[in-house]
Structure formats: structure tokens, C-alpha cells
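First the structure, in the form of C-alpha cells, and then the observations on it.
The values are calculated or read from the model by the stated rules, or taken from the named source; none is laboratory data. Note that the coordinates shown come from a computational prediction; the quantities given were computed from them, not determined experimentally. Every residue, glycine as well, gets a Cβ built from its backbone with ideal geometry; the counts of neighbours run over all protein chains shown. Areas reflect the complete protein model, heavy atoms only, side chains present, ligands, DNA and RNA absent. Shrake-Rupley method; radii C 1.70, N 1.55, O 1.52, S 1.80 Å.
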Amino acid sequence: PLPDSSWLVGARGLQVDPRWPQGARRALELARASSVISLFDGDVAPAESLQALAPLANWVVFSSDGLRAWGGDSAAPIETVFHGACEALPDTQLAVTLGAKGLLWRPCGRSSAHWPSFTVPVVNTNGAGDALHGVLLMALAEGAPAEVALRLGMAAGALTCTGQAFGRAEVAAMAGVG
């Protein structure tokens, strides 16, 4: 069964992915109605699910493969598909992760920019995107400006790749934030 909004009471952030589209849709609709910041993890899924869910979120962070799935063309240059997503989602903070090449970000109503990745010794990239999403959403929920929140998320993703334990202090130091 799909939930009512009672579970969102007191929440400041919500993250969903496309694995259960009906649940994600309901959660995003409830978050919007409750003024809760929402982040959609645009990972690989059928284009219809990605296209239906992305407009419901405040933030969409695609993987490269997820963005190509959203656009329906796995061979298209990522910049071309990102530009199309920016046009289709003008009221959404939009990003696509590019691994060691950093990410592309387009704030609402502004032009997009490339953000380089942090240079770290990579042991394993598993979980890097999840760390980025989680820290980005946490920072936004705590009131950080979008640029700062994104930089913190990127630092958490990079630190995850090192295979070393880390906490808030290490993320903030790498991000160059307070």
C-alpha cells in the first residue's frame, strides 16, 4: 500500500530512486505538498519511469547511464542529453555524475557548469553516488546553499572511493567548507 503523509512529519529531506516507481511518485508528491526537499536518484531504469519521476523532485542527480536512459539514446553525447534534460526540467536542480570527470550541474533558471572531481586514490567506486546523494540532501536539509551542499556531496562521494573511513570533518575539509 502507498503511504499517507504522516511518515513525513518532521522530515526535512526525502530521497527516492526509480526501483518502485509508484512508491517514488507518491513519496515525491507528498514531499512537495509538505514542503520537504526531495532528491531523485536518476539511476538506470525505463525511460518512462525516469521521465515521470524527475519533474516531481526538487533535485535530480542522474548517473551518466541513468541520464542516457532518461533521454532514450545510450549512444548520445552526455552533454547533449544533459542539455535536453535542462530544457525539459527548467524548475529542477539538475546534475549528472561523470565519475572521475566530475559532474555537470544546472541550477534552476541558470546555465549549467562543469564541476571537476576531487582527486583521490580510488580503491572502489561502489557507493560513491549514494554518498554524494545522501550528503547533498543532508546539507540541503540543514540549510546549506546549493553550491556548498553539492560540493560536500562530491567530497563524500570522492572519499567513499578511497575505501577509508571518514566523517563530517573530513568531508568538510575536502570540500573546503567551514
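One table, with the values for the structure above:
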{"quantity": "Pairwise label distance in nanometres, D130 with W20, each label 7 Å out on the Cα-Cβ vector", "calculated": "1.6 nm"}
{"quantity": "When the stretch 43-87 is reduced to its Cα atoms, the Kirkwood hydrodynamic radius in Å", "calculated": "10.3 Å"}
{"quantity": "Hull volume in cubic angstrom per residue (convex hull over the Cα atoms of the chain)", "calculated": "120 Å³"}
{"quantity": "Three semi-axes of the equivalent ellipsoid, the stretch 1-44, Cα gyration tensor, whole Å, largest first", "calculated": "17, 12, 7"}
{"quantity": "Rounded Å value of the spacing that divides the Cα centres of the stretch 144-178 and the stretch 32-53", "calculated": "24 Å"}
{"quantity": "Gain upon complete extension [E48, S74; 0.36 nm per residue less C-alpha separation]", "calculated": "7.9 nm"}
{"quantity": "Cα→Cβ-extended label distance, 7 Å offset, between A173 and S35, nm", "calculated": "3.8 nm"}
{"quantity": "Globularity ratio of the stretch 34-132, using Cα Rg and 2.2 N^0.38 Å", "calculated": "1.05"}
{"quantity": "Semi-axis lengths, Å, the stretch 125-168, gyration tensor of Cα atoms, sqrt of 5 times eigenvalues", "calculated": "19, 9, 8"}
{"quantity": "Within the chain, helix-based [θ] at 222 nm, where runs of 4 or more DSSP H residues each add -39,500 (n - 2.57), nearest 500", "calculated": "-13000 deg cm²/dmol"}
{"quantity": "Surface share of carbon and sulfur [accessible, 1.4 angstrom probe, percent] for the chain", "calculated": "55 percent"}
{"quantity": "At R0 = 22 Å, FRET efficiency that the Cβ-Cβ distance of W7 and A141 yields, to 0.05", "calculated": "0.90"}
{"quantity": "Estimated translational D of the stretch 77-122 in µm²/s (Stokes, Kirkwood radius over Cα pairs; 4 °C; 1.567 mPa s)", "calculated": "117 µm²/s"}
